[in-house]
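Taking it in order: structure first as structure tokens, then the write-up.
The values are calculated or read from the model by the stated rules, or taken from the named source; none is laboratory data. Predicted model only: the values in this text are computed from it and were never measured. Positions of Cβ are generated from backbone atoms using ideal geometry, with glycine treated the same way; all protein chains shown enter the neighbour counts. To get the accessible areas, we keep the full protein, side chains included, count just its heavy atoms, and leave off ligands, DNA and RNA. Shrake-Rupley method; radii C 1.70, N 1.55, O 1.52, S 1.80 Å.
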Amino acid sequence: MSRRLVEELVFMAIVAVILVAMLWAAMDYPFTARLMPQVVAGAALLLLIVEFVLTVRRSRHVTAAEHGEPLTGDKLKRTMPYLLWLAALYVCISLIGLVISAALFCAAFGYFVGKLRWWSALLGSALLVVFLIVLGEGFNLDWPAGYFFSPFH
């Protein structure tokens, strides 16, 4: 078994544990509150099982030269900026809330990484905010407000 295959299977196992934990944690919620996390976690777990089977089957037919580079090294160096962008997004969500953070992230990522014109990045950000507000109103969702806007909530 190649190192790449082991890394993929370990990653799938970690995601599976998180999904099972989501299913387990949602069991104590009222029915309407647990419906969404259980459906999402269940569907993701089903897709993860399918991907696991396909990955194992595919690995039997791949030679050692076709396995590609390992996930560490140069691939991690190329991936790290995107992981840092996501980490910054999560920190911003916890501090200033989801809607504002999503808008800032969309505009900044589109402009700096996606090389969009400033007006395109702002337009995409504005459309995202409108979508989140409409979705929140339509499904009666309260998006996280962030620590600075509700520190004792």
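Accessible area ranking (1.4 Å probe, heavy atoms, ligands and nucleic acids excluded), largest first, for ARG78, ARG60, ARG34, ARG117: ARG60, ARG117, ARG78, ARG34. In the chain, what percent of the accessible surface is made up of carbon and sulfur (1.4 Å probe, ligands and nucleic acids excluded)? Carbon and sulfur together cover 74 percent of it. Here each label is just a point 7 Å from Cα along the line to Cβ, and for ALA13 and LEU95 those points are 3.6 nm apart.
Relative to the dominant Cα principal axis of the chain, helix 74-96 is inclined by about 30°.
Of THR79, THR55, THR32, the residue with the greatest mean-square motion in the GNM of the chain, using alpha carbon springs below 10 Å, is THR32.
Taking 7 Å steps out from each Cα toward its Cβ at SER150 and LEU135 produces label points 1.8 nm apart.
Each Cα pair under 8 Å and six or more residues apart adds its sequence gap; the mean of these over the residue count of the chain is a relative contact order of 21 percent. Relative to the longest principal axis of the Cα atoms of the chain, helix 118-138 runs at roughly 80 degrees. Taking every protein chain into account, the accessible area of the chain amounts to 75 square angstrom per residue (probe 1.4 Å).
Remark on LEU116: its backbone amide H falls under 5 Å from those of TYR111, a criterion applied only to residues 5 or more positions apart or on other chains, H modelled at 1.01 Å from N.
A simple spin-label model places the labels of LEU47 and ASP28 2.9 nm from each other, with each point 7 Å out along Cα-to-Cβ. Applied to region 40-46, the Karplus parametrisation 6.51 cos²θ - 1.76 cosθ + 1.60 on θ = phi - 60° returns per-residue 3J(HN,Hα) values of 5, 5, x, 5, 5, 5, 4 Hz, with x for Gly and Pro. If you fit an axis through the alpha-carbon atoms of helix 98-108 and take the longest principal axis of the Cα set of the chain, what angle between them do you get, 0 to 90°, nearest 10? Compared with the principal axis, the helix lies near 70 degrees. For the chain, a simple Cβ point-charge model (Lys and Arg +1, Asp and Glu -1, everything else neutral) yields a dipole of about 480 debye relative to the Cα centre.
Taking 0.36 nm per residue of separation and subtracting the current Cα-Cα distance, fully stretching the chain between TRP143 and ARG117 would add 6.5 nm.
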